[in-house]
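The values are calculated or read from the model by the stated rules, or taken from the named source; none is laboratory data. In this text the structure is predicted, and so the values were computed from the model without any measurement. Cβ sites come from the backbone with ideal geometry, for glycine too, and all protein chains shown count toward neighbours. To get the accessible areas, we keep the full protein, side chains included, count just its heavy atoms, and leave off ligands, DNA and RNA. Shrake-Rupley method; radii C 1.70, N 1.55, O 1.52, S 1.80 Å.
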Amino acid sequence: MKTTGNTILVTGGGSGIGRELAREFHALGNTVIVAGRTASSLEETIAGRDGMHARTLDVSDAADISRFAKALIADFPALNVLFNNAGIMVKEDWLADPVDLSVTEATVTTNILGPIRLTAALLPHLRAQPLARVVNVTSGLAYVPLAHAPAYSASKAALHAWTQSLRYQLRDTNVEVIELAPPGVRTGITPGQETRESYMPLEDFVAETMESFRIEDTPAEVCVQRAKMLRAAEASGNFDQIFKGLNDGYEG
Ligand SMILES: NC(=O)c1ccc[n+]([C@@H]2O[C@H](COP(=O)([O-])OP(=O)(O)OC[C@H]3O[C@@H](n4cnc5c(N)ncnc54)[C@H](OP(=O)(O)O)[C@@H]3O)[C@@H](O)[C@H]2O)c1
């Protein structure tokens with residue numbers, strides 16, 4: 001993709017993958033807005049960086065998305081790239097009686113409805129730009145579920161399918177639709193994950209991911225080497241074995 005001169009919104013840009021991708025794109029000469037619920041972490045992301053901006057947003061709240069999108073377009077009329085990166089991942093216990101559905105519902109609202117509603121709110125504006133992109137952050141778990149986080153895995157599978165449909169519908173427009181499917185990366189998304197040796201270091205993940213974004217014809221699915229085995233699990237005929245290995249070996 002064109003890596004300079006864009007105006008880019010990164011949701012969940014106050015930490016982890018979103019923060020580091022936002023900083024990388026800013027360093028390449030883009031105006032970058034980071035959004036999330038915690039103003040202090042967003043301020044930390046942009047500290048000392050001219051051309052980076054912070055806006056609070058709760059992607060689980062339809063009214064807040066609507067408010068945010070209107071203000072964003074007014075403040076940044078050149079906005080042409082949306083990274084739907086904000087997300088939550090929480091384990092669920094389906095042996096509990098009763099089953100606590102609060103996590104399930106929050107996951108669906110944040111990880112599925114969040115990107116869908118935000119894309120809908122910004123799409124007319126994006127379509128009016130000379131070139132635009134929507135990047136949806138899914139997960140390797142969209143392809144092989146982590147049974148300990150059923151709603152999370154299902155939310156990413158749903159976002160994967162939704163992204164494919166959106167890409168098809170927008171195929172003859174100026175809006176390119178990209179899926180970014182990370183493997184396990186050392187961030188704070190779940191307790192203890194930042195230091196989990198078996199997960200990919202955040203800086204390595206971001207460096208490899210940026211290689212794909214630097215290619216002019218960025219692939220429709222950006223998948224670092226480590227995530228490719230999960231992406232190809234079904235097609236390679238190794239799904240059952242990979243599913244068992246992933247879930248029996250889970251350290252979380
Ligand atoms: N790390 C991994 O292993 C991994 C693997 C595959 C996919 N991913 C995906 O990568 C994306 C980034 O995750 P990460 O690993 O970088 O974790 P992270 O550091 O926890 O980042 C998630 C971000 O989303 C924001 N967020 C959560 N709920 C929100 C809401 N309702 N409204 C607005 N912002 C919200 C959080 O900020 P606030 O809490 O301040 O709002 C946080 O900055 C997620 O979509 C995740 O599913 C991560």
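Local charge for T31 was computed over the other residues whose Cβ lies under 15 Å away, with Lys and Arg +1 and Asp and Glu -1, and equals +2.
Electrostatic tally near V185: other residues with Cβ closer than 11 Å to its Cβ, Lys and Arg +1, Asp and Glu -1, net -2.
Extending 7 Å from Cα along the Cβ direction at A128 and again at I215 yields two label points whose distance is 3.4 nm. Any chance you could give the angle, 0 to 90 degrees and rounded to 10, that helix 239-248 forms with the longest Cα principal axis of the chain? Value to nearest ten degrees: 80. Between the alpha-carbon centres of the stretch 181-240 and the stretch 1-63 there is a gap of 20 Å. For the chain, the number of Lys pairs separated by eight or more positions or lying on different chains, with C-alpha atoms closer than 30 Å, is 10.
In sequence order, the stretch 172-189 has phi-based couplings of 9, 10, 7, 9, 8, 10, 10, 10, 10, 10, x, x, x, 10, 6, 9, x, 5 Hz under the Karplus curve 6.51 cos²θ - 1.76 cosθ + 1.60, θ = phi - 60°, and Gly or Pro positions carry x. What part of the accessible area of the chain, given as a whole %, is carbon or sulfur when the probe is 1.4 angstrom? Percent of accessible area from carbon and sulfur atoms in the chain: 53.
Residues whose amide H falls under 5 Å from that of R133, counting only those 5 or more places apart or on a different chain, are V81, L82, E176, with hydrogens built in the peptide plane.
Compare the peptides 138-151, 232-245, 168-181 by average per-residue count of other Cβ atoms within 10 angstrom and give them in order, highest first. Walk me through the intermediate numbers first.
Details: 138-151: 22.0, 232-245: 13.4, 168-181: 16.8.
So the peptides 138-151, 232-245, 168-181, ranked by packing, come out 138-151, 168-181, 232-245.
Excluding ligands, DNA and RNA, the accessible surface per residue across the stretch 7-248 is 46 Å² with a 1.4 Å probe. Backbone phi angles across the stretch 201-211, fed through the Karplus curve with coefficients 6.51, -1.76 and 1.60 (θ = phi - 60°), yield HN-Hα couplings of x, 4, 5, 5, 4, 5, 4, 5, 5, 5, 4 Hz in residue order; Gly and Pro are listed as x.
Seen from D58, the other residues with C-beta closer than 12 Å to its C-beta sum to a net charge of +2, counting Lys and Arg as +1 and Asp and Glu as -1. In this simple spin-label approximation, F239 and T38 carry label points 7 Å from Cα along the Cα→Cβ vector, and these lie 3.7 nm apart.
What is the gain in length, in nm to one decimal, between W94 and A161 on full extension, counting 0.36 nm per residue of separation less the C-alpha to C-alpha distance? Extra length available between W94 and A161 comes to 21.6 nm.
Please determine, in degrees from 0 to 90 and to the nearest 10, the orientation of helix 150-169 with respect to the longest principal axis defined by the Cα atoms of the chain, where the helix direction is its Cα long axis. Compared with the principal axis, the helix lies near 40 degrees. The C-alpha atoms of the chain define a longest principal axis, and helix 62-75 lies at about 30 degrees to it.
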